[in-house]
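For reference, the structure is listed below as structure tokens.
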Amino acid sequence: MIIRNRAFTLIEMMIVIAIIVVLAGLTLGISNKVLRGSEIRKTKDAITLLDTAISEWETEMGRSMTFASVGAVDGTYDIENDGILGIPAFNASVSQSEMTEAMDYRAEELWKILIELEASKNILAKIHPDLIEEEIHGARVIDAWGFPIGIVFPCGNFEDSGLITLAQDASGDLTVRDQAEDGLGSCLNKRAYLVSAGPDGLWGYRYQANPYSRDDETWSATLDNVTSYEPFLVEDAR
């Protein structure tokens, strides 16, 4: 009895290669999805700890953290105004670089404040070391993609600002909305919130004041942002 070795035909080899390519693509897609989910969880954990540290600081100090923002009355503030984000002007927005510069400044100033108090410093120590970035100007907390975790503060009260008709904030907390809130969402109940630009590293801009003049591509960049709580957005800016 003669046994013959049968080789694969060209078509059979092509089918096998195609199956391998499909399986490799599926595996890569699943791996990327798992990695993205892990990065988001890591960022959310850092944001939760940072938010807890702020709450601990405020409890110890017996007051809210203050920011020298639009409408704020004269005085000494925990974080001075970054000098970039003012009142939203008609048909104007904050550029990616401007928002990053402002959030860099706020992240570094926030770190300086929190480490001065033992209780909040102990909470910061629980943040994954990979998400604490040391720079010449000081340290800051970053997200899993290497971008600063910024903070959006509620601005000053309407009655103190003299700008009631110019910058009313529909969130209902009776504060003025600056360009950070206009672009990233308004604070609720005068409670600051933390924000990461997300995997794409783009803050985006939601044009709360002028939803019909927004750039949809820029606006969509906000959709992957990670926040400590969902900020207020006017319905048309969603």
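Against the condition among the hydroxyl-bearing types (Ser, Thr, Tyr) and modelled with pLDDT of 75 or more, how does Tyr229 come out, does it pass? The answer is yes for Tyr229.
Determine whether segment 28-46 contains at least one residue that is loosely packed, with under 10 Cβ neighbours inside 10 Å and modelled with pLDDT under 85. No: zero hits. Within segment 93-111, residues that are over 23 Å from Ile127 (Cβ atoms) have Cβ atoms under 6 Å from residues that are of a type in the set (A, V, I, L, M) and surrounded by fewer than 22 Cβ atoms within 10 Å (Cβ to Cβ) in these pairs: Glu98/Ile84, counting only partners at least 6 apart in sequence or on another chain. For segment 179-195, name all the residues that are over 15 Å from the mean Cα position of the chain (by Cα) and either hydrophobic (A, V, I, L, M, F, W, C) or part of a helix (DSSP H, G or I) (or both). Result: Leu188, single match. For residues in segment 133-170 being of a type in the set (Gly, Ala, Ser) and either over 28 Å from Arg41 (Cβ atoms) or assigned to a helix (DSSP H, G or I) (or both), which is modelled with the lowest pLDDT? Checking each candidate, the answer is Ala167. For the residues Val70, Val94, the requirement of being at pLDDT 75 or above, in a loop (DSSP other than H, G, I, E, B) and surrounded by 17 or more Cβ atoms within 10 Å (Cβ to Cβ) singles out Val94.
The values are calculated or read from the model by the stated rules, or taken from the named source; none is laboratory data. Quick caveat: nothing in here was measured; it's all calculated off a predicted structure. Here the Cβ is made from the backbone with ideal geometry for all residues, glycine too, and neighbour counts use every protein chain on show.
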